[in-house]
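A short write-up of the structure that comes next.
The numbers here are math on the coordinates, done by the rules we state, and not lab data. Computed from a predicted structure; not experimentally measured. Reconstructed Cβ throughout: ideal geometry from the backbone, glycine too, with neighbour counts over all protein chains shown.
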Amino acid sequence: MDFRFHGGRASVNFTATVGKRWHDGGFERLSEPAALGRWFTEAGLTEDDPHCSLADLRHARQLREAIYRLMLARMGRARPMPDDVATVNAWATKPPPTIELRTTASGLRVQRAQVTTPALLAQLARDAVDTIGDADGHRLRECTNPECSLLFVDTSRAGTRRWCSMSACGSRDKMARYRSNRN
Ligand SMILES: [Zn+2]
């Protein structure tokens, strides 16, 4: 199953691992632990699959849904739930993956320690705190395609971006308008 990376931030893309949320709770793209490992690598958070466990997957989904609900709250669509704030904060205070500089024959290189799923979830939680709590939090949007529902950060200067992706939902909208103009 393909993942979607149109959100502009890792934590926003993480919420896109549930598709079509408008329909019956949506469909789960993280259907098994291996899918979570694949998401981490495709998201560019690590080069090595952290070999997630079932418990990791359960924690990831819990964190993801807390992040999603708080993003909706930031968009004025719901009240922020104290449990969700607590969940995100608990992960955000855990240590993220460590990196350090190493001197090699070819110069200075970044050395990443062996990553773990809890460290990657901590990194996502920190990104969510930043995305939701930062002054730019008002740029969080939901795609206006009613059959999409993905979130994204609108970084356009005018702040008028409507779709998660121009090539997917944007062109669909254009095509629909073209057809209705012809009829
Ligand atoms: Zn969309």
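Some notes on this structure:
- Fewest-first sequence of ARG69, ARG38, ARG177 by Cβ atoms within 10 Å of each Cβ: ARG177, ARG38, ARG69
- Cut-off 18 Å, label 7 Å out along Cα→Cβ of ALA55, residues of region 3-44 by amide N: 33-34, 36-37
- Computed extension length for THR41-GLU147: 35.4 nm, one decimal, from 0.36 nm per residue of separation with the Cα-Cα distance subtracted.
- Cβ-based exposure ranking for THR104, THR117, in which fewest neighbours within 10 Å come first: THR104, THR117
- For region 137-143, putting each phi into the Karplus relation 6.51 cos²θ - 1.76 cosθ + 1.60 with θ = phi - 60° gives couplings of x, 5, 8, 5, 9, 10, 3 Hz, in residue order, rounded to whole numbers and with x for Gly and Pro.
- Backbone geometry of region 69-75 corresponds, through the Karplus equation with coefficients 6.51, -1.76 and 1.60 at θ = phi - 60°, to 3J(HN,Hα) couplings of 5, 6, 5, 4, 5, 5, 7 Hz, x marking Gly and Pro.
- Nonlocal amide H pairs with ASN145, under 5 Å, H built at 1.01 Å: CYS164
- Degrees, to the nearest 10: 171-182 long Cα axis against longest axis of the chain: 10
- Sorted largest first, the principal axis extents computed over the alpha-carbon atoms of region 75-183 equal 66, 45, 26 Å.
- The chain: relative contact order in percent, alpha carbon pairs under 8 Å with at least 6 residues between: 24
- Exposure proxy ranking, count of Cβ atoms within 10 Å, fewest first, for SER156, SER106: SER106, SER156
- The phi torsions of region 98-107, fed into the Karplus equation with coefficients 6.51, -1.76 and 1.60 and a -60° offset, translate into couplings of 8, 10, 8, 8, 10, 8, 10, 4, 9, x Hz, rounded to whole numbers, with Gly and Pro shown as x.
- The radius of gyration of the Cα set in the chain, together with its Dmax, comes out at 18.1, 68 angstrom.
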